[in-house]
Amino acid sequence: MNIETTVAEMAKAAGQGARALARCSSVQKNSALNRIAEKLIENKAEIQAQNAKDVDEARNQGLSAAMIDRLTITDKVLSAMADGLKDVAALEDPVGSMDGTWVRPNGLAVSRMRIPLGVIGIIYESRPNVTIDAAGLCIKSGNAVILRGGSESLHSNQILAETVAAGLAESGLPETAVSFISVRDREAVNALLSQDAYVDLIIPRGGEGLIRFVAENSKIPVLKHYKGVCHVYVDASAEPAMAMEICMNAKVQRPGVCNAMETLLVHQDAAQTFLPEMARQFGQAGVELRGCEKTRQILPDIAAATEADWPEEYLDLILAVKTVESMDEALAHIAAYSSQHTEAVVTSHYQRAHRFLQEADSSVVLVNASTRFNDGGQLGLGAEMGISTSKLHAFGPMGLRELTTTKFVVLGTGQIRT
């Protein structure tokens with residue numbers, strides 16, 4: 001059986017799984033999620049053995065330390081996967097809830113009922129925890145999911161998907177509700193993108209090249225998880241110690257993730273005192289700075305930033321720095337180069353904070369907090385399917401509610417239209 005036929009059969013089976021899953025109660029879905037969480041810990045040795053194959057191969061191919069960090073399933077990461085499933089199980093199930101009810105003059109009672117989207121295809125790179133996060137959220141929201149991870153994490157994703165399938169089977173839920181495409185061939189992606197008869201939504205998570213390829217080639221609606229060109233703007237009124245702590249966290253805690261800061265904007269009235277100490281702290285953490293001309297007048301030893309730096313998602317310990325004359329200039333820079341992922345402002349000025357919240361057009365905008373909080377778990381959604389940088393139909397971290405839509409439900413007492 002060739003790749004196209006294999007994927008088509010998988011998509012057809014996922015459709016059947018989705019219909020079966022949509023009939024399951026919250027108790028059944030929660031039981032399955034908790035069982036899968038248990039099996040992750042029970043299968044720890046096998047999961048980490050398969051993951052080690054991917055990590056060894058990544059090192060041999062010269063992948064960066066940040067990419068290897070994203071790939072590695074440590075005890076902490078595995079526990080976080082299991083805890084994430086338990087958190088999702090504890091969340092309120094949106095399926096079947098009513099979003100408002102009103103009565104028409106003729107007596108018809110009209111409501112919007114939340115329902116699953118159906119079958120979701122997710123195409124992603126590097127991070128095997130996405131396999132568990134996506135599976136858990138889709139199970140709870142009543143959707144089937146077809147997973148296609150990156151070739152660099154094939155062994156890890158395969159064993160994780162098998163663990164999920166075993167947990168579903170033991171819980172009496174359809175195993176076909178979670179499927180994994182276990183071939184490296186890029187043709188598998190093309191085959192998935194053509195399954196518009198069975199798949200309702202495609203979510204790509206990864207680099208710019210992957211997102212563009214999926215958007216340009218899919219016959220299925222695409223909800224983009226675009227790159228994270230995230231900014232922090234340090235206002236003239238910012239409290240320096242707070243600003244430094246936020247900037248360090250945003251850049252250094254995990255530089256290889258999409259909500260890490262990639263560009264630092266500093267008001268010129270704060271730059272003379274703020275930048276030297278900030279640069280010293282970044283230097284101790286191994287961060288390479290690339291600055292605009294004004295920034296290099298204050299920090300003459302750093303590299304010059306080029307036009308290519310401003311829209312760049314480094315995913316590494318590299319940071320572009322620009323000194324700006326005003327919030328107007330900061331917001332204009334963000335409008336020109338942002339990927340609409342995450343923006344933060346550090347300020348003590350209420351009106352400026354309010355203006356930044358209104359005008360920074362990204363999925364999450366923060367005041368006096370790190371960009372690293374653009375995360376479903378941190379925002380109280382449980383795990384996340386991804387961070388949508390599209391605006392239809394979701395914007396920002398995609399939790400359970402964002403994996404559902406609504407249908408109209410109309411209750412009558414014999415009314416007919418005249």
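The values are calculated or read from the model by the stated rules, or taken from the named source; none is laboratory data. Predicted model only: the values in this text are computed from it and were never measured. Note: ideal-geometry Cβ built from the backbone for every residue, glycine included; neighbour counts use all protein chains shown. For the accessible areas, the whole protein counts, side chains as well, though only heavy atoms, and no ligand, DNA or RNA atoms are used. Shrake-Rupley method; radii C 1.70, N 1.55, O 1.52, S 1.80 Å.
Only one of these conditions is not met by residue 66: (1) touching a Leu at 6+ places or on another chain (Cβ under 6 Å); (2) surrounded by 20 or more Cβ atoms within 10 Å (Cβ to Cβ). Which number is it?
The one condition residue 66 does not meet is (2).
Which one of 160, 168, 147 is more than 22 Å from residue 381 (Cβ to Cβ), hydrophobic (A, V, I, L, M, F, W, C), open to solvent by less than 10 Å² (accessible area, probe 1.4 Å) and modelled with pLDDT of 95 or more?
Testing whether each residue is more than 22 Å from residue 381 (Cβ to Cβ), hydrophobic (A, V, I, L, M, F, W, C), open to solvent by less than 10 Å² (accessible area, probe 1.4 Å) and modelled with pLDDT of 95 or more leaves just 168.
Restricting to segment 65-91, what's the tally of residues that are part of a loop (DSSP other than H, G, I, E, B) and in contact with a Ser or Thr (Cβ under 8 Å, 6 or more places away or on another chain)?
1
Could you pull out the residue among 407, 322 that is touching a residue at least 40 places away in the same chain (Cβ under 8 Å) and crowded, with 23+ Cβ neighbours inside 10 Å?
Result: 322 is the single residue among 407, 322 that is touching a residue at least 40 places away in the same chain (Cβ under 8 Å) and crowded, with 23+ Cβ neighbours inside 10 Å.
Out of the residues in segment 396-414 that are more than 15 Å from residue 202 (Cα to Cα) and assigned to a loop (DSSP other than H, G, I, E, B), which is farthest from the chain's Cα centre (by Cα)?
414
If you take the residues of segment 325-358 that are open to solvent by 20 Å² or more (accessible area, probe 1.4 Å) and either in contact with a His (Cβ under 7 Å, 6 or more places away or on another chain) or small (Gly, Ala, Ser) (or both), which of them is nearest to residue 125 (Cα to Cα)?
338
Could you check, for segment 204-211, whether at least one of its residues is open to solvent by less than 10 Å² (accessible area, probe 1.4 Å), closer than 25 Å to residue 70 by Cβ and in contact with a Phe, Trp or Tyr (Cβ under 6 Å, 6 or more places away or on another chain)?
Yes: segment 204-211 contains one or more residues that are open to solvent by less than 10 Å² (accessible area, probe 1.4 Å), closer than 25 Å to residue 70 by Cβ and in contact with a Phe, Trp or Tyr (Cβ under 6 Å, 6 or more places away or on another chain).
Give the residues of segment 213-257 that are open to solvent by less than 10 Å² (accessible area, probe 1.4 Å), farther than 20 Å from residue 394 by Cβ and of a type outside the set (Val, Ile, Thr), sorted by residue number.
Correct list: 231, 233, 235, 243, 247, 250, 251, 256.
So which of 137, 147 is under 16 Å from residue 27 (Cα atoms), of a type in the set (A, V, I, L, M, F, W, C) and under 19 Å from the mean Cα position of the chain (by Cα)?
Step by step, each of 137, 147 is checked, and only 137 is under 16 Å from residue 27 (Cα atoms), of a type in the set (A, V, I, L, M, F, W, C) and under 19 Å from the mean Cα position of the chain (by Cα).
Please work out which residue is surrounded by the fewest Cβ atoms within 10 Å (Cβ to Cβ), limiting yourself to segment 258-302 and to residues that are over 30 Å from the mean Cα position of the chain (by Cα) and of a type in the set (Val, Ile, Thr).
Looking at residues that are over 30 Å from the mean Cα position of the chain (by Cα) and of a type in the set (Val, Ile, Thr), I get 273.
Report, ordered by the first and then the second residue, all pairs with beta carbons closer than 7 Å, sequence separation of six or more or different chains, a first member in segment 66-78 that is touching a residue at least 60 places away in the same chain (Cβ under 8 Å), and a second member that is open to solvent by less than 50 Å² (accessible area, probe 1.4 Å) and among the aliphatic types (A, V, I, L, M).
From segment 66-78, the pairs are 66/315; 67/58; 71/55; 71/58; 73/47.
Test of understanding: among 173, 147, 168, which residue is at negative phi and assigned to a helix (DSSP H, G or I)?
Result: 168 is the single residue among 173, 147, 168 that is at negative phi and assigned to a helix (DSSP H, G or I).
List the pairs whose first member sits in segment 269-284 and is under 15 Å from residue 239 (Cβ atoms) and assigned to a helix (DSSP H, G or I), whose second member is among the small types (Gly, Ala, Ser) and open to solvent by 20 Å² or more (accessible area, probe 1.4 Å), and whose Cβ atoms are under 9 Å apart, counting only residues at least 6 apart or on separate chains?
Going by the 9 Å Cβ cut-off, the qualifying pairs are 269/236; 269/237; 270/236; 270/237.
If I filter segment 113-130 for residues that are part of a helix (DSSP H, G or I) and either at positive phi or open to solvent by less than 10 Å² (accessible area, probe 1.4 Å) (or both), do I get at least one hit?
Within segment 113-130, one or more residues are part of a helix (DSSP H, G or I) and either at positive phi or open to solvent by less than 10 Å² (accessible area, probe 1.4 Å) (or both).
Please identify the pairs in which a residue from segment 41-61 that is open to solvent by 40 Å² or more (accessible area, probe 1.4 Å) has its Cβ atom under 6 Å from the Cβ atom of a residue that is not in a helix (DSSP H, G or I), counting only partners at least 6 apart or on another chain.
That search, which allows pairs on different chains as well, returns 48/73.
Out of everything in segment 384-395 that is of a type outside the set (S, T, N, Q), in a loop (DSSP other than H, G, I, E, B) and at pLDDT 90 or above, what residue ends up being farthest from residue 138 (Cα to Cα)?
Residue satisfying both the conditions and the ranking: 395.
All but one of (1) more than 23 Å from residue 30 (Cβ to Cβ); (2) of a type in the set (A, V, I, L, M, F, W, C); (3) assigned to a loop (DSSP other than H, G, I, E, B) hold for residue 95, so report the exception by its number.
Only one criterion in (1) more than 23 Å from residue 30 (Cβ to Cβ); (2) of a type in the set (A, V, I, L, M, F, W, C); (3) assigned to a loop (DSSP other than H, G, I, E, B) is unmet by residue 95, namely (1).
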